[in-house]
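Colleague: Right, I'll just put the structure down here and ask away after.
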Amino acid sequence: MKVVKINQPQQREACLARLCAEVYGHQAGIAPLATFAGVIGVLFKQDAARLLALVDDQSRPIALALLVSDEAGKSMSVVHMVSLDPDADDQVSEDAAKAKARGLNPALRLVAELALRAPIRVDVVSDADKARFAAAGIQRWLKGPGGLQVGLGPKHPSTGFKDLPRALTVDQKSVVANFKHDKALFEDYKRRFIRGLETFPTTL
C-alpha cells in the first residue's frame, strides 16, 4: 500500500464527492454538497486543503482523507476520512495484515501513515474515537472544552492549547446562503458533485 496525494482536478473532485457522500450519507440533504463546494471553492483555491488516498498494490483507492490547514499553515487537521473497502487489507500486503491485527481499518491505516510524515491533528469527543486514533499512532492528547479531545501526531509542533493554531473549516451556512442567492452556482456544484460520483476512479 502507499499514500497518494490527489492533484489532478477531475480525480480530486471525484474523490472529494465520494468522500463527502460516504461521510455524510447519501440521504444527508445539503451537507455533502455544501462541504464539497466549500472545499473546492475556498480551501483548494487557497491551497489550504489536501485530499489523500491510501491505495492497494493494484493502485485501487481503499481509503480517503481530507486534511485542512490551520491558520498559521504549520499543521493540518484530519477533517474527514473514510474506508472504501474495509476488507481490502486482508489481501494486499504483510504490512496491511499487521495493521489489521492492530485494529486498523484502511482509513486509520492512512492516518497512521500520515502521522509519520506530516504534522497532523484529530479532534474527537468520545473515548472510543480516541482509542481508535491512538492505535493509529496519535499518542499526544489535549483536553478541550465540552469534552473535546485533540490528538497530535508525532510531527505536530504544538505543546499545548496555548500554541495550538485554530483549524480552518468550511462555513456550511455561508455556502448554503450563497446557493440560495445564486441558483446557477448551486446547479453547477450539484452537477460537478454528481459527475464526481459517477466518474470515481478505480485506480490512482
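The values are calculated or read from the model by the stated rules, or taken from the named source; none is laboratory data. Only a predicted model underlies this, so the values are computations on that prediction, with no experimental measurement involved. Don't worry about glycine lacking a Cβ; one is built from the backbone with ideal geometry, like all the others, and counts go over all protein chains shown. These accessible areas exclude ligands, DNA and RNA; they are computed on the full protein's heavy atoms, side chains included. Shrake-Rupley method; radii C 1.70, N 1.55, O 1.52, S 1.80 Å.
Colleague: Stretch Asp123-Lys162 to full length: gain in nm at 0.36 nm per residue minus the Cα-Cα span? Show your work: numbers first, answer last.
Modeller: Working: separation 39, 0.36 × 39 = 14.04 nm, distance 1.62 nm.
Roughly 12.4 nm would be gained on extension.
Colleague: A follow-up question, please. Any idea of the accessible area per residue across the chain, 1.4 Å probe, to the nearest Å²?
Modeller: Working: 10470 Å² over 204 residues.
Dividing the accessible area of the chain by its residue count gives 51 Å².
Colleague: Continuing with the same structure: Report the relative contact order of the stretch 2-199, percent, no decimals, based on alpha-carbon pairs under 8 angstrom and at least 6 residues apart.
Modeller: Details: 334 pairs, mean separation 46.0, N = 198.
Computed value for the stretch 2-199: 23 percent relative contact order.
Colleague: Follow-up question, since we're still on this one. Using modelled amide H (1.01 Å from N, peptide plane; none on Pro or chain starts), what sits under 5 Å from the amide H of Asp56, excluding residues fewer than 5 places away?
Modeller: Ile62
Colleague: Could you grab the relative contact order for the stretch 37-86? Cα pairs under 8 Å, six or more apart, rounded to a whole percent.
Modeller: Working: 73 pairs, mean separation 14.1, N = 50.
It comes to 28 percent, rounded to a whole number.
Colleague: Can you give the Rg/Rh ratio of the chain, where Rg is from the C-alpha atoms and Rh is the Kirkwood radius? Can you show the working numbers first?
Modeller: Values: Rg = 17.0 Å, Rh = 17.6 Å.
Taking Rh as the inverse mean 1/r over Cα pairs, Rg/Rh reads 0.97.
Colleague: Subtracting the Cα-Cα distance from 0.36 nm times the residue separation, let me have the gained length for Ala177 to Gln46 in nm, one decimal.
Modeller: Working: separation 131, 0.36 × 131 = 47.16 nm, distance 2.08 nm.
So the extension gain works out to 45.1 nm.
Colleague: So if R0 is 25 Å, what FRET efficiency would Thr199 and Lys5 give, r being the distance between their Cβ atoms, rounded to the nearest 0.05?
Modeller: Numbers: r = 19 Å, r/R0 = 0.76.
Step by step, r from the Cβ atoms, then E = 0.85.
Colleague: So, one more: What ³J(HN,Hα) values, in whole Hz, does the Karplus curve 6.51 cos²θ - 1.76 cosθ + 1.60 give for the stretch 133-142 when θ = phi - 60°, with x put for Gly and Pro?
Modeller: For the stretch 133-142, the Karplus-derived couplings read 6, 4, 5, 8, x, 8, 10, 9, 10, 10 Hz, x marking Gly and Pro.
Colleague: Now for a separate question. Where does each of 124-134, 176-186 land if you order them by average Cβ count within 10 Å, highest first? Before the final figure, lay out the partial values.
Modeller: Numbers: 124-134: 14.6, 176-186: 13.1.
The most tightly packed comes first, giving 124-134, 176-186.
Colleague: Around Arg12, under 12 Å between beta carbons, what's the net of Lys plus Arg minus Asp minus Glu among the other residues? Please list the in-between numbers first.
Modeller: Working: positive: Lys5, Arg18, Arg50, Arg192; negative: Glu13.
Counting the neighbours of Arg12, the net charge comes to +3.
Colleague: How much net charge surrounds Ala37 when only the other residues with a Cβ under 13 Å from the Cβ of Ala37 are counted, with Lys and Arg +1 and Asp and Glu -1? Please report the intermediate quantities before stating the final value.
Modeller: Details: positive: Lys45, Lys173, Lys180, Lys190, Arg191, Arg192; negative: Glu13, Asp171, Asp182, Glu187, Asp188.
Residues near Ala37 contribute +1 overall.
Colleague: Can you work out the Karplus-derived ³J(HN,Hα) for every residue in the stretch 18-26? Use 6.51 cos²θ - 1.76 cosθ + 1.60 with θ = phi - 60°, whole Hz, and x for glycine or proline.
Modeller: Taking θ as phi minus 60°, the curve returns 5, 4, 5, 5, 6, 5, 8, x, 6 Hz for the stretch 18-26.
Colleague: I want the local charge near Thr169. Using Cβ-Cβ distances under 12 Å, sum +1 for each Lys or Arg and -1 for each Asp or Glu among the other residues. Working shown, then result.
Modeller: Working: positive: Arg166, Lys173; negative: Asp70, Glu71, Asp123, Asp171.
Spelling it out: positives minus negatives among the neighbours equals -2.
Colleague: With each run of n ≥ 4 DSSP H residues scored as -39500 (n - 2.57), what mean residue ellipticity at 222 nm is computed for the chain after dividing by its residue count and rounding to the nearest 500 deg cm²/dmol?
Modeller: Values: 7 runs with 79 residues, N = 204.
Roughly -12000 deg cm²/dmol at 222 nm, from the helical runs in the chain.
Colleague: Tell me, what ³J(HN,Hα) does each residue in the stretch 151-165 have, in order and in whole Hz, if you take phi through Karplus 6.51 cos²θ - 1.76 cosθ + 1.60 with θ = phi - 60° and put x for Gly and Pro?
Modeller: Running phi through 6.51 cos²θ - 1.76 cosθ + 1.60 with θ = phi - 60° gives x, 10, x, x, 9, 6, x, 6, 10, x, 5, 4, 10, 9, x Hz.
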